[in-house]
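These notes concern the structure reproduced below.
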Amino acid sequence: MRHPRRGGGEAGFTAFLALCAGVSLTFLAVPIVALFWEAPLGEIPSLLGDPVVRDILVVTAKTNLIANLLIIGFGTPTAYLLATREFRGRTLAVTLVELPVVLPPAVAGIGLLAAFGANGLLGGVLKDAGIMIPFTQWAVVMAITFVASPFYVRQAITAFQSVDPLLPAASRTLGAGPVRTFLRVLLPLSASGLMAGWVLSFARGIGEFGATIMFAGNVQGVTQTLTLGIYEQLNGDFDLALAIGVLLVILSGAVLLTYKLISSWRSSTSI
């Protein structure tokens, strides 16, 4: 009885996989290549020195800095609670943390308006207190925090869960309290995972568009971020839009490289 030759089938299947991969990678690469091809690379330094771009960079840096401080400051203890405690409603809480990841940006924006707008759920109370959030820089901060925090919290939960439970238990046995154990044992052991989560969160925040434009608007020098700047310049100075796009690609590439280096370091140290 003759058995079918495997060599030909394997080679054909490999060729099919290579063809699919080639089409997919080409599709992903062409827009990036086109962006750099069409952008006036020699003029990018002068274009990025434009006062409009300086305003955009200041707003982007300021709002993302505040948002990231809030994400880390509140997200870390939230993740630790969800990673180390079992309680009724925990599954619902984790689902709530993850929900913004799958929400369309427009839904996030309209939700923030429904909650904090002048006629929103909490907007009336805030208005009576003299606090107006929509279409201010705080609205940008809140939009970034809403869409980006799940990336940090989810990764932080995984990082805390990966710590050997015997280590914090040993710390408690030696007399360390829960706060000291958290600060001196759990945080250092989870640091690389927390950093990876922050990188993902930062990348999502720096590219935020939909929720921001709906909740904060697109006001130059107030709420206009890098992505909103591209949108603004599409019908104005297209070269400037391309220059901002190149800047975002470089920034995103640096963030992705940082994430991969952290992940590689985590893998090597866990062996």
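Kindly provide the set of residues from the stretch 160-172 that are in a helix (DSSP H, G or I), free of Cβ contacts under 8 Å to residues at least 60 places away in the same chain and either farther than 17 Å from residue 84 by Cβ or in contact with a helix residue (DSSP H, G or I) (Cβ under 8 Å, 6 or more places away or on another chain) (or both), ordered by number. So that I can check it myself, show each step before the final result.
Of the residues in the stretch 160-172, the ones in a helix (DSSP H, G or I) are 160-161, 166-172.
Remaining after also requiring free of Cβ contacts under 8 Å to residues at least 60 places away in the same chain: 166-172.
Across the stretch 160-172, the qualifying residues are 167, 168, 171, 172.
Taking (1) within 30 Å of residue 116 (Cα to Cα); (2) without any contact (Cβ under 8 Å) to a residue 40 or more places away in the chain; (3) part of a loop (DSSP other than H, G, I, E, B) in turn, residue 208 satisfies each apart from (2).
Of the residues that make up the stretch 201-214, is at least one within 27 Å of residue 31 (Cα to Cα) and either acidic (Asp, Glu) or loosely packed, with under 15 Cβ neighbours inside 10 Å (or both)? Before the answer, list the steps.
As a first pass, look at the stretch 201-214 and keep what is within 27 Å of residue 31 (Cα to Cα): 201-214.
Those still in the list that are either acidic (Asp, Glu) or loosely packed, with under 15 Cβ neighbours inside 10 Å (or both) too: 208.
There is at least one residue in the stretch 201-214 that is within 27 Å of residue 31 (Cα to Cα) and either acidic (Asp, Glu) or loosely packed, with under 15 Cβ neighbours inside 10 Å (or both).
Kindly establish whether residue 176 is surrounded by 14 or more Cβ atoms within 10 Å (Cβ to Cβ) and either modelled with pLDDT under 90 or over 24 Å from the mean Cα position of the chain (by Cα) (or both). Against the criterion (surrounded by 14 or more Cβ atoms within 10 Å (Cβ to Cβ) and either modelled with pLDDT under 90 or over 24 Å from the mean Cα position of the chain (by Cα) (or both)), residue 176 qualifies.
Candidates are the residues of the stretch 64-73 that are free of Cβ contacts under 8 Å to residues at least 60 places away in the same chain and of a type in the set (A, V, I, L, M, F, W, C); the one that is farthest from residue 220 (Cα to Cα) is 69. Each residue in the stretch 157-196 was checked for being of a type outside the set (Ser, Thr, Tyr) and under 19 Å from residue 268 (Cβ atoms), and 10 of them qualify.
The condition (being part of a helix (DSSP H, G or I) and in contact (Cβ under 8 Å) with a residue 12 or more places away in the chain) is satisfied by just one residue among 61, 93, 106, 114: 106. The numbered conditions (1) among the polar types (S, T, N, Q); (2) under 19 Å from the mean Cα position of the chain (by Cα); (3) surrounded by fewer than 17 Cβ atoms within 10 Å (Cβ to Cβ); (4) in a loop (DSSP other than H, G, I, E, B) are all true for residue 252 except (4).
Can you say whether residue 43 is acidic (Asp, Glu) and farther than 20 Å from residue 208 by Cα, as far as the supplied structure shows?
Working: acidic (Asp, Glu): yes; farther than 20 Å from residue 208 by Cα: yes.
Taking the combined requirement at face value, the residue satisfies it.
Does residue 74 satisfy being in contact with a helix residue (DSSP H, G or I) (Cβ under 9 Å, 6 or more places away or on another chain) and loosely packed, with under 10 Cβ neighbours inside 10 Å? No: the conditions fail for residue 74.
The values are calculated or read from the model by the stated rules, or taken from the named source; none is laboratory data. Only a predicted model underlies this, so the values are computations on that prediction, with no experimental measurement involved. All Cβ positions, even for glycine, are placed from backbone atoms using ideal geometry, and neighbour counts span all protein chains on display.
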